[in-house]
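**Q** Sharing a structure, written as structure tokens. Questions coming.
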Amino acid sequence: MSTAIITGITGQDGSYLAELLLKKGYQVVGVARRSSTVNNERIKHILDDITVVQGDLQDQGSLLSLLEEYKPSEVYNLAAQSFVPTSWNQPALTGDVTALGVTRLLEAIRFVNPKIRFYQASSSEMFGKVLEVPQREETPFYPRSPYGVAKVYGHWITVNYRESFDMFATSGILFNHESPRRGLEFVTRKISDTVACIKLGRAKELRLGNLEAQRDWGFAGDYVQAMWLMLQQDHPDNYVIGTGETHAVREFCEIAFSHVDLDYKKYVVQDEKFYRPAEVDLLISDPTKARTALKWEPAVSFKELVTMMVDSDLARHNKE
Ligand code: NAP
Ligand code: GDD
């Protein structure tokens, strides 16, 4: 039985990846940082099937010990300070976790067993003020937030360890992917959750920032398949993962509200508070390499994603 270690097991992607690897017969070890309250909401249904261990990307020793103890063949580094607005308020922490944390994990792998296959969760935020449309593996980076800058470092240190030490270090440059498990502060989940509250009479309005920003949004469950496929290839590489479609935040609102027979124009209020000091206006992927080399295709369409998220939040609020 192969063992896989997932950092960021308590996050959106960690939970979907753990489910996928369990189905494939892996022993799954998830790394979670210590907190005063347990944060297992997204993985509570699989807690009996996985091992959760304490570790932190800010602590080199914890990473070394868990590699020594569990002897994984694959490590997926999904942990990060991943919320873009927070990266302006806590830029040094974001750099320490999201950038230097990658080096700490790569160093631990190099010392314990350089044959371990490594996946780094890189981001389309690295393209930022885009220098090419659509964005592919060779598109130069122009990050627009401390988070984006940290992810560029994480990407290049992954490439550097591949080239310096011949390690199987792969970087997946993933465009936005969402799900009913998305954190409530990200725009898609903020919309789906508030739409459900408005429909049930528990909220009156939805306050948002830039409605014209465009993202290439896919379903997280599809994207974790791509992560796994990347580590099954003969050689480490960089891959862009996205749908190849882009939609504005406004369009997401339109579909989400109309799904419950409401008109978004009556409820959405634009609020300066949610604008960013520097914005990424347009993201759209060219996923040709993923389609040809990995034979990966997203299964869930944009409209299916929006309605799935609204339905899930409606069901949750109804239950409560
Ligand atoms: P997420 O829901 O925010 O999960 C992030 C995870 O990282 C959480 O489990 C969090 O733990 C953990 N974490 C934070 N700081 C840590 C630390 N110092 N040590 C150990 N763990 C720490 O993010 P996600 O959406 O699943 O994304 C997964 C990864 O893909 C992230 O690296 C993200 O930057 C990247 N990415 C995401 C997208 C996307 O659209 N979702 C696109 C491209 C790249 P707590 O639960 O304790 O906070
Ligand atoms: N969060 C948020 N809240 N975003 C808003 C709001 C709001 O009220 N109103 C408009 N937006 C716009 C933001 O300005 C941004 O252009 C877009 O909605 C998407 O914002 P987020 O959902 O916060 O995601 P993100 O694109 O900044 O970052 C996510 O995707 C990256 C991949 O491109 C995160 O998951 C990152 O970790 C990930 O790397």
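**Q** Hey, which aspartates and glutamates would be in cross-link range of LYS295, C-alpha to C-alpha under 20 Å, not counting anything within fewer than 8 residues on its own chain?
**A** Those aspartates and glutamates meeting the cut-off are GLU137, GLU138, ASP216, ASP222, ASP234, ASP237, GLU245, ASP286.
**Q** Using a cut-off of 14 Å between beta-carbons, work out the net charge of the residues near PHE302 (Lys and Arg +1, Asp and Glu -1, PHE302 not included).
**A** Here the charged neighbours net out to -4.
**Q** How large is Rg/Rh for the stretch 238-320, to two decimals, with Cα atoms and a Kirkwood Rh?
**A** Over the Cα atoms of the stretch 238-320, Rg/Rh equals 1.06.
**Q** If we count every other residue with Cβ under 10 angstrom of TYR16's Cβ, Lys/Arg +1 and Asp/Glu -1, where does the sum land?
**A** -1
**Q** Say the dipole of the chain comes from +1 at the beta carbon of Lys and Arg and -1 at that of Asp and Glu; which of THR288, ALA278, PRO180 then lies farthest toward its positive end?
**A** Toward the positive end, the furthest listed residue is PRO180.
**Q** Mind pulling the angle between the C-alpha long axis of helix 220-231 and the longest principal axis of the chain? Nearest 10 degrees, somewhere in 0 to 90.
**A** Roughly 20 degrees between the two axes.
**Q** Next up: Give me the tail of P(r) for the stretch 1-60 as a percent: Cα-Cα pairs with distance above 20 Å.
**A** Roughly 18 percent, rounded to a whole number.
**Q** As I understand it, the value is the acute angle between the Cα axis of helix 60-70 and the longest principal axis of the Cα atoms of the chain; what does it come to in degrees, rounded to 10?
**A** 70 degrees
**Q** What is the gain in length, in nm to one decimal, between ASP96 and PHE274 on full extension, counting 0.36 nm per residue of separation less the C-alpha to C-alpha distance?
**A** Extra length from ASP96 to PHE274 when fully extended: 61.6 nm.
**Q** Using 1/(1 + (r/R0)^6) with R0 = 56 angstrom and r between the beta carbons of TRP88 and MET1, what's the FRET efficiency to the nearest 0.05?
**A** Computed FRET efficiency for TRP88 and MET1: 0.80.
**Q** Please enumerate, by chain and number, the aspartates and glutamates with C-alpha under 13 Å from the C-alpha of LYS44, excluding those fewer than 8 residues away in the same chain.
**A** GLU19
**Q** Enumerate the lysines that LYS273 could reach by cross-link, defined here as Cα to Cα under 20 Å, with residues fewer than 8 away along the same chain left out.
**A** Result set, ordered by chain and number: LYS190, LYS204, LYS265.
**Q** Any idea what the dipole of the stretch 109-261 comes to, in debye rounded to 20, about its Cα centre with Lys/Arg Cβ at +1 and Asp/Glu Cβ at -1?
**A** Dipole size: approximately 640 debye.
**Q** Once you have the Kirkwood Rh of the stretch 1-118 from its Cα pairs, apply Stokes-Einstein at 20 °C and 1.002 mPa s and quote D in µm²/s.
**A** Approximately 148 µm²/s, per Stokes-Einstein.
**Q** Still on this model: Only four residue types carry charge here, +1 at the Cβ of Lys and Arg and -1 at the Cβ of Asp and Glu. Report the dipole size of the chain about the Cα centre in Debye, rounded to the nearest 20.
**A** 460 debye
**Q** Whole percent per 10 Å bin, from 0 to the bin with the longest distance: what is P(r) over all C-alpha pairs of the chain?
**A** Taking all Cα pairs of the chain, the binned fractions are 6, 27, 35, 24, 7, 1 percent.
**Q** So if each residue of separation counts as 0.36 nm, and I subtract the Cα-Cα distance between LYS23 and GLU138, what length gain in nm does that give?
**A** 38.0 nm
**Q** A further question follows. Kindly state, to the nearest 0.05, the FRET efficiency for LYS204 paired with LYS115, given R0 = 56 Å and r defined as their beta-carbon distance.
**A** 0.45
**Q** For the stretch 80-124 and the stretch 287-320, what is the separation of their C-alpha centers, rounded to whole Å?
**A** 26 Å
**Q** So what does log10 I(q)/I(0) come out to for the stretch 93-193 at q = 0.25 Å⁻¹, using the Debye formula with one equal point on every Cα and no solvent?
**A** -1.25
**Q** Further question: With an 8 Å Cα cut-off and a minimum separation of 6 or more residues, compute the relative contact order for the chain in percent.
**A** Taking the mean separation of contacting Cα pairs over the length of the chain, I get 17 percent.
**Q** Please list, by residue number, everything in the stretch 110-133 whose backbone N is under 19 Å from a paramagnetic label point 7 Å out along Cα→Cβ of PHE186.
**A** 119-128
**Q** Now a separate question. Given springs between every Cα pair under 10 Å in a Gaussian network model of the chain, which of GLU74, GLU163, GLU178 has the largest fluctuation?
**A** So, out of GLU74, GLU163, GLU178, the one fluctuating most is GLU163.
**Q** Can you give me the angle between helix 187-199 and the longest principal axis of the chain, using Cα atoms only, in degrees from 0 to 90, rounded to the nearest 10?
**A** Roughly 40 degrees, rounded to the nearest 10.
Only the coordinates and a few stated rules stand behind these numbers; no lab work does. Computed from a predicted model, the values in this text were never measured in an experiment. Positions of Cβ are generated from backbone atoms using ideal geometry, with glycine treated the same way; all protein chains shown enter the neighbour counts.
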